[in-house]
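The values are calculated or read from the model by the stated rules, or taken from the named source; none is laboratory data. None of these values were measured; they are calculated from a predicted model. Neighbour counts run over all protein chains shown; Cβ positions are idealised from the backbone, glycine included. The area values use the complete protein model at the heavy-atom level, side chains included, leaving out ligands, DNA and RNA. Shrake-Rupley method; radii C 1.70, N 1.55, O 1.52, S 1.80 Å.
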Amino acid sequence: MEFECQVSTEVSKNLIDCVDNLFGQQREPNQFNSKLEAENFGISEQTSDSYTEKEKIALSKPTLTKKPNSDSCGSKQFLSSDVVLNSHRSITDLPPALLSEILNFLDPKELGMVSCVSTYLCRLASEHHVWKDFYCERWGNSTVPTSLGSGVSDEMSWKEFFVEREFRSKTFMGRYSIDVMYGHSEAVLTVFLLASAKLIFTAGYDQTVKMWNMEEGLLIASSRSLGCTVRAVAGDTKLLVAGGTDGFIQCWRAVEGFPHLFDIKGPQNQNTEFRLWEHEGPITSLALDLTRIYSGSWDMTVRVWDRFSLKCVKVLRHSDWVWALVPHDLTVASTSGSDVCIWDTSSGRLMTIIHSAHVGNTYSLARNHTGDFLFTGGDDGAIHMYEITSHGLETNALLVATWAPHSGCVYSLAFEFPWLVSASADGKLALIDVRKLLRTRKHDSGKRFSCVKLVDRSSVEPPQRMLHGFGKNLMSVGIGADRIVCGGDEGVVRIWNFTEALEIERRVCALRAIRLENRMRRRKLHLENSSKGSRNDQCSVAAKKNPVTGDKSGWHSKRALSGKLKS
């Protein structure tokens, strides 16, 4: 991209006459000083009415050349046979700090296109800090990711981490294998995938919590009976919590040096295992963040607990049973019968409510890492996507898209960008890619956020993939680390493993890169041979032509001549 100032023809002619008069006089070399430059170029001293503002900008940086060039539009004029004004400017001439601010407004696709323009822009775009923002916006990690598995170097840049994660997200459309894990004696009501530790936790009607190895699909440990049905499990690398129908929250702290973080099968230890009591009904949903524990119950409350003091700091009261909840920052979204509520956990204020989100109960919720989008599933088998916007104290929920892939209740939702996975009573899993509905914008404060493209809800694409193979209700689902985990009434846990598709895609990309490299090498050799032999070929062809008739000399011409004589 170049920027050029246009100058009028009349003013340019006056400029030429002025310059010719000035350079027509004999001057000593030391007399060509800054004062004369100011008079010739009109930078600071010249204030003639014949100069426009655009012309002063065009004349602000003269360039000396040996051979003048003419411009068809007359926008550039020559000071003499050795002086020319060059007003062409490139975007790469901008200061790196300013150019970095410009790149900060691009989305990942546009930033990748810019990196293909030149070596300088490639280096600047590849090392730009915005790649970390892109990664954290989509997958929520604020440090170097550790869940990408083998084959990923710690020395990779944030752009390379982003590209790798984006590449992995495409494998859910590829080949998979199914691992079936047996161990529960009754229906599995909840599954939780802790991808960073490669662990899976499950619980259900058999009143136990089980821990599985995600890679091998083997049972690691099973807790003792908790005395009631366990409907919710959540955790991180420091704390594991399970909610029972007796209204308590069973907690295990991570044991330092323990190979699998939590010792759930050992004898009760007050230092690593404890319970929280305050709910008056069965606990149906649990969630954690860095400082708090969130619990929802059929006693129509959501309780917020401090992780350090283990005290309940806030009680959010609803008008109906709470089936699901999902926190983000200082807000938490929860279901209340068929309604969906969004709360401010610091003040306990109800920010907004979505009335009758589904026909019947709303059973499941999911949210992206930035909290801009909320997904709901319910009794009617539909899945809704809402955009959450805040303007001061006012919060709104805008319905963006609706899918109806199931013939039964949607009991569970899980989201990992860009895939939304649903588990239903019809025994099917639906995979929905929401990437085409989103675009990236930037706040005036500098924070990036996702927003919805203006699309017609009736034209929303159906789910990209449906996974079958279950005959009964699917009660819970989780997604992460190239795997989808689900459990249901059959009492087994299934892992849909897409690592095979990832390996196949890597081999395909490697072969594609080799073919491209070979093609470019052949093209380069062909161009080199053509440039070397073109002149010799032209000379040889010209030498073989008859100067009179223009026919080529050689046995072809003799053969043609002998044929004519025979005839």
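Can you confirm whether ALA366 is assigned to a strand (DSSP E or B) and either open to solvent by less than 10 Å² (accessible area, probe 1.4 Å) or modelled with pLDDT of 90 or more (or both)? Let's see the steps before the verdict.
Working: assigned to a strand (DSSP E or B): yes; either open to solvent by less than 10 Å² (accessible area, probe 1.4 Å) or modelled with pLDDT of 90 or more (or both): yes.
So ALA366 passes the test.
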Exercise for review: Examine the stretch 309-323 for a residue that is open to solvent by 10 Å² or more (accessible area, probe 1.4 Å), at pLDDT 95 or above and either within 27 Å of the chain's Cα centre (by Cα) or on the phi > 0 side of the Ramachandran plot (or both), and state whether such a residue exists.
Suggested key: no
Check your understanding: For the stretch 501-514, does any single residue satisfy the condition of being closer than 12 Å to GLY174 by Cα, part of a strand (DSSP E or B) and either touching a residue at least 60 places away in the same chain (Cβ under 8 Å) or open to solvent by less than 70 Å² (accessible area, probe 1.4 Å) (or both)?
Key -> no
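Can you find a residue in the stretch 447-461 that is outside any loop (DSSP other than H, G, I, E, B), modelled with pLDDT of 80 or more and either touching a Phe, Trp or Tyr at 6+ places or on another chain (Cβ under 9 Å) or not assigned by the TED database to the domain that holds ILE342 (or both)? Before you say what the answer is, go through the steps one by one.
From the stretch 447-461, those outside any loop (DSSP other than H, G, I, E, B) are 448-452, 457-459; that's our starting set.
Those still in the list that are modelled with pLDDT of 80 or more too: none.
Within the stretch 447-461 (the criterion being outside any loop (DSSP other than H, G, I, E, B), modelled with pLDDT of 80 or more and either touching a Phe, Trp or Tyr at 6+ places or on another chain (Cβ under 9 Å) or not assigned by the TED database to the domain that holds ILE342 (or both)), the answer is no, since none of the residues qualifies.
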Review point. Does PHE192 satisfy being outside any strand (DSSP E or B), more than 16 Å from ARG275 (Cα to Cα) and of a type in the set (A, V, I, L, M, F, W, C)?
Key: no
Review point. How many residues does the stretch 332-347 hold that are open to solvent by 10 Å² or more (accessible area, probe 1.4 Å), in a loop (DSSP other than H, G, I, E, B) and under 19 Å from ILE293 (Cα atoms)?
Key: 2
Exercise for review: Identify the single condition in (1) at pLDDT below 90; (2) part of a strand (DSSP E or B) that VAL493 does not satisfy, given that it satisfies every other one.
Suggested key: (1)
Exercise for review: From LEU111, LEU98, LEU106, grab the single residue that is closer than 16 Å to PHE162 by Cα, at pLDDT 80 or above and either open to solvent by 80 Å² or more (accessible area, probe 1.4 Å) or outside any helix (DSSP H, G or I) (or both).
Suggested key: LEU106
Check your understanding: How about the stretch 389-421: which of its residues are open to solvent by 10 Å² or more (accessible area, probe 1.4 Å) and within 19 Å of the chain's Cα centre (by Cα)?
Key -> ALA414, PHE415, GLU416, PHE417
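Among the residues of the stretch 272-310 satisfying the criterion of being in a loop (DSSP other than H, G, I, E, B) and in contact with a Phe, Trp or Tyr (Cβ under 7 Å, 6 or more places away or on another chain), which is nearest to HIS260 (Cα to Cα)?
Looking at the filtered set, the residue picked out is THR272.
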Check your understanding: Does the stretch 240-258 hold any residues that are open to solvent by 10 Å² or more (accessible area, probe 1.4 Å) and touching a strand residue (DSSP E or B) at 6+ places or on another chain (Cβ under 9 Å), and which are they?
Key -> THR245, ASP246, ARG253, ALA254
